[in-house]
1. How charged is the neighbourhood of L73? Take every other residue with its Cβ under 13 Å from the Cβ of L73, and add Lys/Arg as +1 and Asp/Glu as -1.
2. Roughly to the nearest percent, how much of the accessible area of segment 16-60 is carbon and sulfur, given a 1.4 Å probe?
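The values are calculated or read from the model by the stated rules, or taken from the named source; none is laboratory data. Just so we're clear, the structure is a prediction, and the values are computed from it rather than from any experiment. Methodologically, a virtual Cβ is constructed for each residue, glycine included, from the backbone with ideal geometry; neighbour enumeration extends over all protein chains shown. The protein model used for the area step is the full one, side chains on, heavy atoms only, and it has no ligands, DNA or RNA in it. Shrake-Rupley method; radii C 1.70, N 1.55, O 1.52, S 1.80 Å.
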Amino acid sequence: MTNRAEPEKFDSSQYHEECVTILREKQWLSFLEKFNGNNEEVTKQFAFSFNGEKALVGNFSFTISEDSIAQTLGISPEGEKYFKTKQFKEKSWTQFMSRSRVSFVNWKKGVPRSWLIHPWDEMVY
């Protein structure tokens, strides 16, 4: 079992139509569709060599920054910066959660996957 995320090819036909519509409206669908599978060996080399700024895969060394990620994915690097201890101000995630759990959420710590309703729980997994 692995302890890291390895994106697979995103296939919107596997998800509920309402879910895909919401992703499209939020402009997340085009981002997810850019995941076109992965190569296990390349993923391992990247994970073991990445030092926060550079990675080495085979003989290829490259720098990774917010700008290079934004350019590669075709998204704007502008916007609010995320930090793991930052508390959410917008509670838009409540529509994806079990109503009985909403009042217990500590937005600073995050939301357990088990609190999300189907099919959102599968997407997060």
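1. Values: positive: K34; negative: E33, E66, D67.
With Lys, Arg at +1 and Asp, Glu at -1, the neighbours total -2.
2. 50
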